[in-house]
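The values are calculated or read from the model by the stated rules, or taken from the named source; none is laboratory data. Quick caveat, the model's predicted, so the values are computed rather than measured. As a convention, Cβ positions derive from the backbone with ideal geometry for all residues, glycine included, and neighbour counts pool all protein chains shown. Just so you know, the surface numbers come from the protein's heavy atoms only, side chains and all, with ligands and any DNA or RNA stripped out. Shrake-Rupley method; radii C 1.70, N 1.55, O 1.52, S 1.80 Å.
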Amino acid sequence: MSTNFEKQLEKQVDHCSLEQLRDILVDKSGNTKLSNRFRALFNLKNVVEEFEENPEEAKKAVMYICESFDDSSELLKHEVAYVLGQTRNLDAAPKLREVMLDHSQQCMVRHEASEALGALCDYESLPALEQSLKEDPDEEVRQTSELAIERIKWSKSGAPSKETLQQSLYCSVDPAPPLSLEKDYNIEELKSLLNNRDEPLFMRYRAMFRLRDIGTDEACFALASGFNDPSALFKHEIAYVFGQIGNPCVVPNLIEVLERNDEAPMVRHEAAEALGSIAIDDVLPVLKEHLNDKDDVVRESAIVALDMYEYENSNELEYAPA
């Protein structure tokens, strides 16, 4: 989901209490638009992030957000886990550990819960992440737990204060930091590292985020080469990065990925949302085609992506609480 769109979702829903936001998020009425449920989620996120200034309200907001892990929508639950990881509020960690280790939850939800624990840099979650790495039935979740473990270890090692990192244009807490600026990599070197399967996944992700922060057409085409990787997790992260960058040069690559019949839903869903974020005219008919997609998570992503498209093109998209 694009940074700009997340900021739009964070705009305050007027006259809604925390309880009313919870009711919108969990769809208490039974007919709440998905876009409004996302809006309620990001409004609750703002409260969760204020844990130092208003700890009791923040704790309550965490609890309300976590209620939606009982929902049937894989897309919504995965976004809930992502949001909790972005808040830096460790009150969310116990529920995220529970969701990550619950094999009845969908793969994409477990993956996002694992990634969120890495984003929180929760040292106490390392045993659960090690368990996930060893026992989860899905490679995407195991790889995510590997990344989360490495991110936590990197964060606790003192490296963040020693390395020279580019100031990111984006607000996200990422699964790995970009490569340090102390070495002046060129695009081809970064592309080679990105696609080198003999390298640790954490290092390949660091190359990915260095390319994202460069953001030129050449850097984007280097990133797009990663769509040939066998890892669904890796490909989904590249699509997410393209949604952040918003560079139209990769629209053909994203459309090709979205229309792959044999591609993992987690990759196709992220490609759909990235197209909605880029929001040029070429993406509109493509997204409309996928409103009836065979995969629920892709179909719902097309709905969200069309909302992104309308917002990016009109600046008048309304998320009225209902």
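General observations
- Going through (1) open to solvent by 20 Å² or more (accessible area, probe 1.4 Å); (2) aromatic (Phe, Trp, Tyr); (3) more than 12 Å from the chain's Cα centre (by Cα) one by one, residue 227 falls short only on (1).
- Going through (1) out of contact with any Lys or Arg (no Cβ under 6 Å at 6 or more places or on another chain); (2) under 26 Å from residue 259 (Cα atoms) one by one, residue 203 falls short only on (2).
- Only a single criterion out of (1) at pLDDT 95 or above; (2) part of a loop (DSSP other than H, G, I, E, B); (3) over 29 Å from residue 123 (Cβ atoms) is not satisfied by residue 184, namely (1).
- Residue 176 satisfies every condition listed in (1) open to solvent by 20 Å² or more (accessible area, probe 1.4 Å); (2) touching a Lys or Arg at 6+ places or on another chain (Cβ under 7 Å) except (1).
- If the condition is being part of a helix (DSSP H, G or I), among the charged types (D, E, K, R) and touching a residue at least 24 places away in the same chain (Cβ under 8 Å), then the range 119-134 contributes only 124.
- Counting the residues of the range 277-300 that are part of a helix (DSSP H, G or I) and either free of Cβ contacts under 8 Å to residues at least 24 places away in the same chain or out of contact with any Gly (no Cβ under 8 Å at 6 or more places or on another chain) (or both) gives 14.
- Residue list for the range 134-161, filter: surrounded by fewer than 21 Cβ atoms within 10 Å (Cβ to Cβ) and among the aliphatic types (A, V, I, L, M): 149, 159
- Residue in the range 118-133 that is at pLDDT 95 or above, surrounded by fewer than 23 Cβ atoms within 10 Å (Cβ to Cβ) and at positive phi present: yes
- Scope the range 258-289; condition within 21 Å of residue 82 (Cβ to Cβ) and either among the charged types (D, E, K, R) or touching a strand residue (DSSP E or B) at 6+ places or on another chain (Cβ under 7 Å) (or both); matching residues: 263, 268, 270, 273
- From the list 252, 200, the lone residue that is open to solvent by 20 Å² or more (accessible area, probe 1.4 Å) and in contact (Cβ under 8 Å) with a residue 12 or more places away in the chain is 200.
- Filtered residue count, the range 274-322, keeping only those that are over 16 Å from the mean Cα position of the chain (by Cα), modelled with pLDDT of 90 or more and polar (S, T, N, Q): 1
- Cβ-Cβ contacts under 8 Å between residues 6 or more apart (or on different chains), taken from a first residue in the range 94-106 that is more than 13 Å from residue 77 (Cα to Cα) to a second residue that is surrounded by 15 or more Cβ atoms within 10 Å (Cβ to Cβ) and acidic (Asp, Glu), are listed as 103/136.
- Test: residue in the range 63-76 that is within 13 Å of residue 144 (Cβ to Cβ) and surrounded by fewer than 24 Cβ atoms within 10 Å (Cβ to Cβ): no
- 2 or more residues over 28 Å from residue 263 (Cα atoms) and β-branched (Val, Ile, Thr): qualifying helices (runs of 4 or more DSSP H) within the range 33-110: 34-48, 55-66
- Residue that is farthest from residue 151 (Cα to Cα), among those in the range 189-232 that are of a type in the set (Lys, Arg) and assigned to a helix (DSSP H, G or I): 191
- Odd one out for residue 252, checked against (1) at pLDDT below 95; (2) over 21 Å from the mean Cα position of the chain (by Cα): (1)
- All of 310, 256, 237, 270 fail the test of being in a helix (DSSP H, G or I), charged (D, E, K, R) and under 30 Å from residue 19 (Cβ atoms), apart from 310.
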